[in-house]
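Novice: Input: one structure, supplied below.
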Protein chains: 4
Amino acid sequence: MTLERYRQVRDFTTKLAENLEPEDLVVQSMEEVSPTKWHLAHTSWFWEVFLLEPFLPGYEPLDPRYHFLFNSYYVQAGERHCRAQRGYLSRPTVRQVMAYRAHVDEAMGRLLDSGREGIRELVDLGLNHEQQHQELILTDLKHVFSVNPLRPAYGSLPSSASAIRSVEWLEFDGGIHEIGWDGKGFAYDNEGPRHRVFLEPFALADRLVTNREYLEFMEDGGYERSELWMSEGWGRGWTEPFYWERRDGEWWSYTLGGLRPIAPAEPVVHLNWFEADAFARWADARLPREEEWEVVAAGYPIEGNLADSGRFHPAAARGPQFYGDVWEWTGSSYSPYPGYRPPTGAVGEYNGKFMSNQYVLRGGSCVTSASHLRPTYRNFFPADTSWQFSGLRLARDL
Amino acid sequence: MTLERYRQVRDFTTKLAENLEPEDLVVQSMEEVSPTKWHLAHTSWFWEVFLLEPFLPGYEPLDPRYHFLFNSYYVQAGERHCRAQRGYLSRPTVRQVMAYRAHVDEAMGRLLDSGREGIRELVDLGLNHEQQHQELILTDLKHVFSVNPLRPAYGSLPSSASAIRSVEWLEFDGGIHEIGWDGKGFAYDNEGPRHRVFLEPFALADRLVTNREYLEFMEDGGYERSELWMSEGWGRGWTEPFYWERRDGEWWSYTLGGLRPIAPAEPVVHLNWFEADAFARWADARLPREEEWEVVAAGYPIEGNLADSGRFHPAAARGPQFYGDVWEWTGSSYSPYPGYRPPTGAVGEYNGKFMSNQYVLRGGSCVTSASHLRPTYRNFFPADTSWQFSGLRLARDL
Amino acid sequence: MTLERYRQVRDFTTKLAENLEPEDLVVQSMEEVSPTKWHLAHTSWFWEVFLLEPFLPGYEPLDPRYHFLFNSYYVQAGERHCRAQRGYLSRPTVRQVMAYRAHVDEAMGRLLDSGREGIRELVDLGLNHEQQHQELILTDLKHVFSVNPLRPAYGSLPSSASAIRSVEWLEFDGGIHEIGWDGKGFAYDNEGPRHRVFLEPFALADRLVTNREYLEFMEDGGYERSELWMSEGWGRGWTEPFYWERRDGEWWSYTLGGLRPIAPAEPVVHLNWFEADAFARWADARLPREEEWEVVAAGYPIEGNLADSGRFHPAAARGPQFYGDVWEWTGSSYSPYPGYRPPTGAVGEYNGKFMSNQYVLRGGSCVTSASHLRPTYRNFFPADTSWQFSGLRLARDL
Amino acid sequence: MTLERYRQVRDFTTKLAENLEPEDLVVQSMEEVSPTKWHLAHTSWFWEVFLLEPFLPGYEPLDPRYHFLFNSYYVQAGERHCRAQRGYLSRPTVRQVMAYRAHVDEAMGRLLDSGREGIRELVDLGLNHEQQHQELILTDLKHVFSVNPLRPAYGSLPSSASAIRSVEWLEFDGGIHEIGWDGKGFAYDNEGPRHRVFLEPFALADRLVTNREYLEFMEDGGYERSELWMSEGWGRGWTEPFYWERRDGEWWSYTLGGLRPIAPAEPVVHLNWFEADAFARWADARLPREEEWEVVAAGYPIEGNLADSGRFHPAAARGPQFYGDVWEWTGSSYSPYPGYRPPTGAVGEYNGKFMSNQYVLRGGSCVTSASHLRPTYRNFFPADTSWQFSGLRLARDL
């Protein structure tokens, strides 16, 4: 059962790259973006370092130098290659990386068959880790292709609906609520401990902000009105969302399906936190706190995305709409929940050491693995990040 | 009464510079630091722009170009001189800036005598603004002098006590508490609205962390152990607190009284947030949340500092110790309280536009105006700031 | 005859890449380095823009967007892609670039067959241009492979001789000499006009400086003695030649054949101008002026290299040794000869616009096309360049 | 006699600062610019280190820390303060620096009275060094004042003539000429050895390029025509000469007398080398080679400037015009003359270590000491320097 799931997850990673050319897998278009080849290798490194080396007796690495080459950021796992130079590596080639994957898969097959105990949690973590990198492969490829003047497409996208649903405001009384992981199913360490929070009365929009609404903000001078902006986000030269460009008086944006005209009914996406925050202020609203989002979203069914539909683009705004279209910026800085302690060892670096100067995003996007969609999931990025599939929902005090 | 207070506050600003040479008032030793001359002028600008121009009929500025030159960051108050180039201005000279102060003071005297209504809040803000810059004059001068190889002193400091009091842990039950300004006396807009928070049970140390304790952290390899550090603070070359230097095997630090050996019983000061956070982790503790600090500190008497004693250096650790020694880093990112709205107009830029990627500090330091010491005061700085008088207190979950 | 030569040159470019993986052709490891794929495409662009578009009626480009994508630096040929981002382009793929080459070759075949007059000089320039990029392909690949911790090799190198010939000093009387292109055979515009120069009496070493001699300089503290260095080259952190590294107390260097121990008898290579200049001062000598080099070298036979032997590495020092091992830094800043005028139009940008703040190198290296070896050839690079195959010969005043 | 000259030179340095405020003497407005206070101190340091310490028995420095603080760039004279931070030093104050000058002057008085032999050359060098810093005081103050939005003036300037003399071309046959210091009077080491050069026939304009001519270049799109520019100077955002600004459709420039309308008849000044080179190309001419300039200028009388007239601004174009208006960019890279060797010891760093990537300027400007005006003087600056009083004269091949 586990082996079958392992193979499904691993195969899906490979599948994401199968229609690409080897050249596409090499490029790193900015420091935050990693080459697809690197993702394919690093996910294998994760299994090797956290499962095979400690738990499979006699395991021999395919190439011991990969330990250095494909460590992402785990200081306690030893020295590692410089992140900014991942795109300088033509070797190992794609073929060699695939051989590395096969080598790891063969060994993982033996480990999972062996009945070895005490590895269940790490295997779950490895699978979820691999799925996070599936999302990153698509996010990063989008950036790689976007900086190429030829504007290649990753695949074809379905057309988008055109009707725009008006917003319904979902109102909630204040009081004490519980948030955080309740112990059922998989969750990352940063989703717990479950704990109580006090909320003042508030309302949340039942759907995401659309491109049409964002265009109104732009037409109303949103990018030129300093009173809407945090000082840190002001004067940085932003004039439209990332991936947008103006051609012959019309707004287009680069998508995984290539350059397309802006679809008014779709959620606005690729905003950074400052843009989301400024838009909310313009709309006489604010960003939700992450606890508000969780309390509300927990009451709605989860709809799938990537693994189910392969659409790789947010669907038109609808209501209720909480999962699987765009990551939603919240007003909450990413910090530990009361009582949080990271695991010991290198694996404790997974989430815990990033709890400074980042903002929490909730909901999951159209390129997030369907199994990651849940009310408690806490994604996090620096406030000026915009190459992620990030948008927003409005909130208000009552 | 108000006029008298106005004069007291204004005179104290001038007094801080009276033993300095004109040359000392010109230098900007890094972008965050402003020349004393600039502080003397900008505080006058504040009165001119927010009180005299709108409320004193017939007011004529001494030099209309100062409107541009001494605007700090108020976008809605018009164009302004580049912050990084404040140290490039030899003119207006110190004497001319003093004439500017006198010009503003004379006009403010007329305004305050005039019985004009509706300016009380702005006058209060102006006085508190001026006092914040008194603190900055000292903080900035410390930096200016510190980068000079001659290591000049600002003044003489009293000697420090040597006995170190052990820490008492103050324990608190969780539950719902109220924090924020209750409407009595002056407070900045960011201290309200008063609102309820839910806290889990916790304990706070009754005093600040000392130099002796911090030296133990250093001797235990604190700066080399990655597991103690946020990723963002790791690998930045820090090896001791700001202003510390090693001479002949001993640690010294630059103070407003010149270079002095580290006093073990004094609170450690000039830490950035990452250092404070790493120390707390090393001590098997954590930084307090700002609401925890406020709930506890509200129960203790406020002791004065700068205006009363002129000591300009934190006193030895004692208990209870909450106010007037060092600013205490909290684990709380600086964000708006529920229901917060900044005032309209340029004055709304005072605090509200900085609510991103900064951390809250509480308590007030040895160079903070005594009238600023209160449980609700929220100071804030970016996490890598260390030229402020910043230290920490430990907290623990119960 | 011309068509045959065209095919030889074009085929040799392709041949240089034939044993590489597609991934190797994509990487740009620093701004000065271009991906092999880019060199393959840009050389085709040159034929397209300077020969096919103006002279072949009805020529249709394979993809009009390549005009933008593969223009290197010809402002008068239109807008162009950013040099620093050549490594961000996964598309066109290697296969597509090869199709571009074939497309251009087919059209060039027609043009050369057509008997079109007035293109002879441009065809010569195109061939020489292509050969310069053959050299760059090897130089750049060396850098790309060198930054990869796996240290892949481009090919295998012959072993090196070990005997070191002592230097003979070739002495010359001063007086008036002529230098520059005499009108026979091909030369770049910057090699003329031929003109007279006056030289004081001088001597030139008959061979290049060796690794053994350079090691003596290093062991004598050459990198730590400020009096040997130009101020501009001092304090930049250089401690050994580029590509050198110390392993277990021995010096190795990265070569196109992989990492190898330093061979004492080989010419030192990958020096920047400051290193060459400092070495010469240490040796109580100086760099030759370019006119001195030319006057002397014109008296010696030209020995081939790359196209003949495929060795891709400088041969051991021998005497006389003037051509085809390493480029020799001269003390001459790159400037126009008296009476020089670049051609009009974009082709005039080939050499003329680079005549500031660069130094002239003479002689040609082991990766230079054999047909480029001649006394008048003026290569030029900025003084801190070291990824070229650059070394030195000593000169002295008499 | 020498003592009298010593006092004249030293007094003139002080006199240049006597109408300034202490604040003016502190500011460093960019790395290349030094505070006046620093110039006052560094020139004293020069006497202390090169004359008093080696030659006056029992000399005691006023403050031994000044050895570190006021060493400019002499590596062999020990560690030194960071150039970029000269503006961070409020201490020593102006008064303390003046005391340092008096201390050095008193000791120099004793040394010069003592009849000590063997110091004549060093005293000459010290005087010329001090005079170079007199020029730099004015040049640097101009920059300091110019970046201040208040645009203070250093002094008053005479008005400028308006008639523009047309250019006469001075024609010269080619052949062998001698250039360089002939051993009479003082010269810097870089002006020798005297040696022969061969020149092709050429012509030089008899006067400098004027503002009117430069405006024609601008109006003809000079800054937008890539074919006129060296690649290194293209695309750097220059649109007019340094210190120029457009107000209400007219061009003004900042001068030591404050902001003034451009005077068409005056020589264009504050060009960088790329602008001078582009202008010459536009005018179908070229920059003179330094040897051409010297051969021609040696035939014309030297007219004084600064010390004589105090005008601090170039006079209107006239003919012949070779000395004392603006430094003239030449096409010659700054390199050693044949046979040049710098003196041994720290004093050898004066000129010799800067012989890379700089261009030679000839003639002397309106702020150059009159005694520095001579045909052999070689000034040198990097090609993008424009805060010096630098302009050009045209040359042509015949």
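The values are calculated or read from the model by the stated rules, or taken from the named source; none is laboratory data. Here the structure is a predicted model, which is why all the values come from computation and not from measurement. In this analysis, Cβ positions are derived from the backbone assuming ideal geometry, glycine residues included, and neighbour counts consider all displayed protein chains.
Novice: Name every residue in the range D:168-204 that is more than 12 Å from chain C (Cβ to nearest Cβ), at pLDDT 95 or above and more than 28 Å from D:ASN128 (Cα to Cα), in order of residue number.
Specialist: Listed by number, the residues that qualify are D:GLU168, D:TRP169, D:LEU170, D:GLU171, D:PHE172, D:ALA203, D:LEU204.
Novice: Considering only residues that are among the aliphatic types (A, V, I, L, M) and under 23 Å from D:TYR88 (Cα atoms), look in the range B:95-104 and name the one that is farthest from the other protein chains (Cβ to nearest Cβ).
Specialist: Residues of the range B:95-104 among the aliphatic types (A, V, I, L, M): B:97-99, B:102, B:104.
Checking the rest, the ones that are also under 23 Å from D:TYR88 (Cα atoms) come to B:97-98.
On the way: B:VAL97: 10, B:MET98: 12 Å.
Here the answer is B:MET98.
Novice: Another question about this same structure. Tell me whether the range B:179-187 contains one or more residues that are outside any loop (DSSP other than H, G, I, E, B) and out of contact with any Ser or Thr (no Cβ under 8 Å at 6 or more places or on another chain). Give the steps one after another, and end with the answer.
Specialist: The initial filter retains those residues of the range B:179-187 that are outside any loop (DSSP other than H, G, I, E, B), namely B:179.
If we keep only those that are out of contact with any Ser or Thr (no Cβ under 8 Å at 6 or more places or on another chain) too, we end up with none.
There is no residue in the range B:179-187 that is outside any loop (DSSP other than H, G, I, E, B) and out of contact with any Ser or Thr (no Cβ under 8 Å at 6 or more places or on another chain).
Novice: Moving on to the next point. Specify which of the listed residues (A:ARG260, A:ARG318) is part of a loop (DSSP other than H, G, I, E, B), farther than 30 Å from A:ARG5 by Cβ and not small (Gly, Ala, Ser). First the steps, then the outcome.
Specialist: On the way: A:ARG260 fails: part of a loop (DSSP other than H, G, I, E, B).
Going through A:ARG260, A:ARG318 in turn, the sole match is A:ARG318.
Novice: Further, regarding this structure: Just one of C:PRO267, C:PRO241, C:PRO288 is at pLDDT 95 or above and within 14 Å of chain D (Cβ to nearest Cβ); which is it? Working first, answer last.
Specialist: Numbers: C:PRO267 fails: within 14 Å of chain D (Cβ to nearest Cβ); C:PRO241 fails: within 14 Å of chain D (Cβ to nearest Cβ).
From the options C:PRO267, C:PRO241, C:PRO288, the qualifying one is C:PRO288.
Novice: Quick one: which residue in D:PRO92, D:PRO61 is away from chain C (no Cβ under 14 Å), crowded, with 22+ Cβ neighbours inside 10 Å and in a loop (DSSP other than H, G, I, E, B)? Show your work before the answer.
Specialist: Working: D:PRO61 fails: crowded, with 22+ Cβ neighbours inside 10 Å.
Selected residue: D:PRO92, the only one of D:PRO92, D:PRO61 that is away from chain C (no Cβ under 14 Å), crowded, with 22+ Cβ neighbours inside 10 Å and in a loop (DSSP other than H, G, I, E, B).
Novice: Among the residues of the range D:264-288, which ones are in a loop (DSSP other than H, G, I, E, B), over 22 Å from D:PHE380 (Cα atoms) and touching a helix residue (DSSP H, G or I) at 6+ places or on another chain (Cβ under 6 Å)?
Specialist: Result: D:PRO264, D:GLU266.
Novice: Pick out the one residue from A:GLY175, A:GLY222 that is more than 24 Å from A:GLY324 (Cβ to Cβ) and surrounded by 19 or more Cβ atoms within 10 Å (Cβ to Cβ). Break it down into steps so the answer makes sense when it comes.
Specialist: On the way: A:GLY175 fails: surrounded by 19 or more Cβ atoms within 10 Å (Cβ to Cβ).
That would be A:GLY222, the only listed residue that is more than 24 Å from A:GLY324 (Cβ to Cβ) and surrounded by 19 or more Cβ atoms within 10 Å (Cβ to Cβ).
Novice: Of the conditions (1) surrounded by fewer than 20 Cβ atoms within 10 Å (Cβ to Cβ); (2) within 30 Å of B:ARG151 (Cβ to Cβ), B:HIS42 fails just one. Which one is it?
Specialist: Just one mismatch for B:HIS42, condition (1).
Novice: Considering the range A:222-238 alone, what residues qualify as being in a loop (DSSP other than H, G, I, E, B) and within 14 Å of another protein chain (Cβ to nearest Cβ)? Walk me through it before giving the result.
Specialist: Of all residues in the range A:222-238, those in a loop (DSSP other than H, G, I, E, B) come to A:225, A:229-230, A:234-238.
If the condition is that a residue be in a loop (DSSP other than H, G, I, E, B) and within 14 Å of another protein chain (Cβ to nearest Cβ), then A:ARG225, A:TRP229, A:MET230, A:TRP234, A:GLY235, A:ARG236 are the ones that fit.
Novice: Report whether or not A:ARG5 is assigned to a helix (DSSP H, G or I), out of contact with any Gly (no Cβ under 9 Å at 6 or more places or on another chain) and either of a type in the set (Gly, Ala, Ser) or buried (at least 20 other Cβ atoms within 10 Å of the Cβ) (or both). Break it down stepwise before answering.
Specialist: On the way: assigned to a helix (DSSP H, G or I): yes; out of contact with any Gly (no Cβ under 9 Å at 6 or more places or on another chain): yes; either of a type in the set (Gly, Ala, Ser) or buried (at least 20 other Cβ atoms within 10 Å of the Cβ) (or both): no.
No, not satisfied.
Novice: While we're here: Looking at D:GLN85, D:GLN76, which is the one that is within 14 Å of chain C (Cβ to nearest Cβ), assigned to a helix (DSSP H, G or I) and surrounded by fewer than 18 Cβ atoms within 10 Å (Cβ to Cβ)?
Specialist: Details: D:GLN85 fails: within 14 Å of chain C (Cβ to nearest Cβ).
Only one candidate passes the filter, namely D:GLN76.
Novice: Could I ask something else about it? Which residues, taken from the range C:245-263, are in contact (Cβ under 8 Å) with a residue 24 or more places away in the chain and not hydroxyl-bearing (Ser, Thr, Tyr)?
Specialist: The answer is C:TRP251, C:LEU256, C:GLY257, C:GLY258, C:LEU259, C:ARG260, C:ILE262, C:ALA263.
Novice: Filter the range D:373-387 down to residues that are touching a helix residue (DSSP H, G or I) at 6+ places or on another chain (Cβ under 6 Å) and of a type outside the set (Val, Ile, Thr) and give me whichever is nearest to the other protein chains (Cβ to nearest Cβ). Even if it seems obvious, please write down each step before you answer.
Specialist: Filtering the range D:373-387 for residues touching a helix residue (DSSP H, G or I) at 6+ places or on another chain (Cβ under 6 Å) gives D:375-376, D:378, D:383, D:387.
Pick out the ones that are also of a type outside the set (Val, Ile, Thr) and you get D:375, D:378, D:383, D:387.
Working: D:PRO375: 19, D:ARG378: 14, D:ALA383: 6, D:TRP387: 14 Å.
The residue in question is D:ALA383.
Novice: In the range C:321-344, how many are assigned to a loop (DSSP other than H, G, I, E, B), touching a helix residue (DSSP H, G or I) at 6+ places or on another chain (Cβ under 6 Å) and more than 22 Å from C:ASP182 (Cα to Cα)?
Specialist: We begin by selecting, within the range C:321-344, every residue assigned to a loop (DSSP other than H, G, I, E, B); these are C:321-324, C:326, C:334-344.
Then drop every residue that is not touching a helix residue (DSSP H, G or I) at 6+ places or on another chain (Cβ under 6 Å), which leaves C:322, C:342.
When the remaining residues are screened for being more than 22 Å from C:ASP182 (Cα to Cα), the result is none.
Going through the range C:321-344 one residue at a time, the tally reaches 0.
Novice: Residues B:ARG247, B:ARG207: which one is away from chain A (no Cβ under 13 Å), of a type in the set (D, E, K, R) and under 26 Å from the mean Cα position of the chain (by Cα)? Even if it seems obvious, please write down each step before you answer.
Specialist: Working: B:ARG247 fails: under 26 Å from the mean Cα position of the chain (by Cα).
So the residue among B:ARG247, B:ARG207 that is away from chain A (no Cβ under 13 Å), of a type in the set (D, E, K, R) and under 26 Å from the mean Cα position of the chain (by Cα) is B:ARG207.
Novice: Okay, moving on. Go through the range A:353-372 and report how many residues are within 14 Å of chain B (Cβ to nearest Cβ) and under 20 Å from A:GLN131 (Cβ atoms). Don't jump to the end; show me each part of the working.
Specialist: At the first step, the residues of the range A:353-372 found to be within 14 Å of chain B (Cβ to nearest Cβ) are A:353-360.
Pick out the ones that are also under 20 Å from A:GLN131 (Cβ atoms) and you get A:354, A:360.
The qualifying residues number 2.
Novice: Further question on the same structure: Between A:PHE68, A:PHE46, which is away from chain B (no Cβ under 14 Å), under 16 Å from A:TYR350 (Cα atoms) and either acidic (Asp, Glu) or assigned to a helix (DSSP H, G or I) (or both)?
Specialist: Numbers: A:PHE68 fails: under 16 Å from A:TYR350 (Cα atoms).
Going through A:PHE68, A:PHE46 in turn, just one is away from chain B (no Cβ under 14 Å), under 16 Å from A:TYR350 (Cα atoms) and either acidic (Asp, Glu) or assigned to a helix (DSSP H, G or I) (or both): A:PHE46.
Novice: When the range B:148-167 is examined, which residues are found to be more than 14 Å from chain D (Cβ to nearest Cβ), without any contact (Cβ under 8 Å) to a residue 60 or more places away in the chain and over 19 Å from B:PHE322 (Cα atoms)?
Specialist: B:SER159 - this is the single residue of the range B:148-167 that is more than 14 Å from chain D (Cβ to nearest Cβ), without any contact (Cβ under 8 Å) to a residue 60 or more places away in the chain and over 19 Å from B:PHE322 (Cα atoms).
Novice: Is it true that A:GLN85 is of a type in the set (S, T, N, Q), modelled with pLDDT of 95 or more and within 24 Å of C:GLY258 (Cα to Cα)?
Specialist: Numbers: of a type in the set (S, T, N, Q): yes; modelled with pLDDT of 95 or more: yes; within 24 Å of C:GLY258 (Cα to Cα): yes.
Here the answer is yes, as A:GLN85 does meet what is asked.
Novice: Exactly one condition in (1) within 23 Å of C:PHE322 (Cβ to Cβ); (2) free of Cβ contacts under 8 Å to residues at least 60 places away in the same chain is false for C:PRO267; which is it?
Specialist: Exception for C:PRO267: condition (2).
Novice: Could you tell me whether the range B:98-118 includes any residue that is touching an Asp or Glu at 6+ places or on another chain (Cβ under 9 Å) and polar (S, T, N, Q)?
Specialist: The answer is no; no qualifying residue exists.
Novice: Give the residue that is nearest to C:PRO54 (Cα to Cα), with candidates limited to residues of the range C:313-352 that are away from every other protein chain (no Cβ under 12 Å) and among the small types (Gly, Ala, Ser). Please lay out each step first, then the result.
Specialist: First, pick out the residues of the range C:313-352 that are away from every other protein chain (no Cβ under 12 Å): C:313-328.
With among the small types (Gly, Ala, Ser) added as a condition, the list becomes C:315-317, C:319, C:324.
Working: C:ALA315: 43, C:ALA316: 47, C:ALA317: 47, C:GLY319: 47, C:GLY324: 36 Å.
Ranking the qualifying residues of the range C:313-352, first place goes to C:GLY324.
Novice: Does D:SER356 qualify as being buried (at least 19 other Cβ atoms within 10 Å of the Cβ), within 23 Å of C:SER231 (Cα to Cα) and in contact with a Lys or Arg (Cβ under 8 Å, 6 or more places away or on another chain)?
Specialist: Values: buried (at least 19 other Cβ atoms within 10 Å of the Cβ): yes; within 23 Å of C:SER231 (Cα to Cα): yes; in contact with a Lys or Arg (Cβ under 8 Å, 6 or more places away or on another chain): no.
In short, no.
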